[in-house]
Amino acid sequence: MIRLLVSVRSVDEALAAAAGGADFIDLKEPGRGALGGLPVATILEIVEALRRRGSQLPVSATIGDLAMHDLPAIQAQVHAVGECGVDYVKVGIERRAEAAPVLSWLAHCGRPVVPVFIADRGIEATLVAHALQLGFPGLMADTADKRAGSLFDVMDPHALKAFVEPVRARGVMVGLAGALRLQHLPALAALAPDFAGFRSAVCAGERSAALEPTLLHGLVAALRAAQPTPTAALRA
């Protein structure tokens, strides 16, 4: 079953996402880009609030949209975010020459990093293969320019399948995100990633608007309806 990752920017949104059926809580600032980072103090505040309320949902947080060539900045922010007690630190990986050494450092930094491959210019299969050899707990694909459409506008289903299947075959968690909405659920179900990330679909207006619990409830129900039940899957 595809699990639901919901991106939030505040304590109130995080608690609403946890109560509304999210499987992952993802911390980011949508007003600062695709992987816009929240202040470290805010990340810590949200993690502590979730744990005080008894939530054991996994929590991820982005480090921000940092340039691939600025490894010192990436290193500093990975450690700062990791110190907040998140379960996963998300780092954007662009299709650039510096990506391979960045991945190598991330794999050995002592933090539970999930590389997020930015799909706008395509995802390089050799980079994904390199990441799989390094032993990350999960890999994701996402888009940088949300105004250009969804992940399915940037990559066709065959290309997305070529990303998902090798990752899943290695037993590594794989996720998809990128301006996803309700109409993309059948295509997501066909690809069957481990989780799918949403922000735009649960906001009343632009993705930088506030999370709307009624939209989240509708998304949870629609995602469940788009997938076979475990019993039906066993019969099939």
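From the list Arg168, Arg224, the lone residue that is assigned to a helix (DSSP H, G or I), surrounded by 14 or more Cβ atoms within 10 Å (Cβ to Cβ) and at pLDDT below 95 is Arg224. Taking the conditions exactly as written (open to solvent by 10 Å² or more (accessible area, probe 1.4 Å), aliphatic (A, V, I, L, M) and in contact with a strand residue (DSSP E or B) (Cβ under 7 Å, 6 or more places away or on another chain)), does Ile2 satisfy them or not? Considered against the rule, which asks whether it is open to solvent by 10 Å² or more (accessible area, probe 1.4 Å), aliphatic (A, V, I, L, M) and in contact with a strand residue (DSSP E or B) (Cβ under 7 Å, 6 or more places away or on another chain), Ile2 comes out as yes.
Remark: Ala125 falls outside the filter, which requires a residue to be hydrophobic (A, V, I, L, M, F, W, C), open to solvent by 60 Å² or more (accessible area, probe 1.4 Å) and within 26 Å of Arg199 (Cβ to Cβ). Selection of the range 16-44 for residues being of a type outside the set (Lys, Arg), surrounded by fewer than 16 Cβ atoms within 10 Å (Cβ to Cβ) and not in a loop (DSSP other than H, G, I, E, B) yields Ala19, Gly31, Val40, Ala41. Taking the criterion of being within 17 Å of the chain's Cα centre (by Cα) and β-branched (Val, Ile, Thr), the residues of the range 75-122 that qualify are Val78, Val81, Val86, Val89, Val91, Ile93, Val113, Val114, Val116, Ile118.
Under the condition of being open to solvent by less than 30 Å² (accessible area, probe 1.4 Å) and not in a loop (DSSP other than H, G, I, E, B), the residues counted in the range 45-70 number 8. Screening Val172 against (1) out of contact with any Gly (no Cβ under 9 Å at 6 or more places or on another chain); (2) over 26 Å from Pro30 (Cα atoms); (3) of a type in the set (A, V, I, L, M, F, W, C) leaves a single unmet condition, (1).
Go through the residues of the range 71-85 one by one and say whether even a single one is buried (at least 20 other Cβ atoms within 10 Å of the Cβ) and under 20 Å from Ala19 (Cα atoms). No. In this entry, Val114 passes the filter for residues that are among the hydrophobic types (A, V, I, L, M, F, W, C), in contact with a Lys or Arg (Cβ under 8 Å, 6 or more places away or on another chain), modelled with pLDDT of 95 or more and assigned to a strand (DSSP E or B). With respect to the stated conditions, Val6 is under 19 Å from Leu176 (Cβ atoms) and either part of a loop (DSSP other than H, G, I, E, B) or in contact (Cβ under 8 Å) with a residue 12 or more places away in the chain (or both). Is it true that Leu215 is within 22 Å of Ala34 (Cβ to Cβ) and open to solvent by less than 40 Å² (accessible area, probe 1.4 Å)? No: the conditions fail for Leu215.
The values are calculated or read from the model by the stated rules, or taken from the named source; none is laboratory data. Please read these numbers as outputs of a predicted model, since none were measured by experiment. Heads up, the Cβs are rebuilt from the backbone with ideal geometry, glycines too, and the neighbour counts pull from every protein chain shown. Keep in mind that these areas ignore ligands, DNA and RNA; they rest on the heavy atoms of the full protein, side chains included. Shrake-Rupley method; radii C 1.70, N 1.55, O 1.52, S 1.80 Å.
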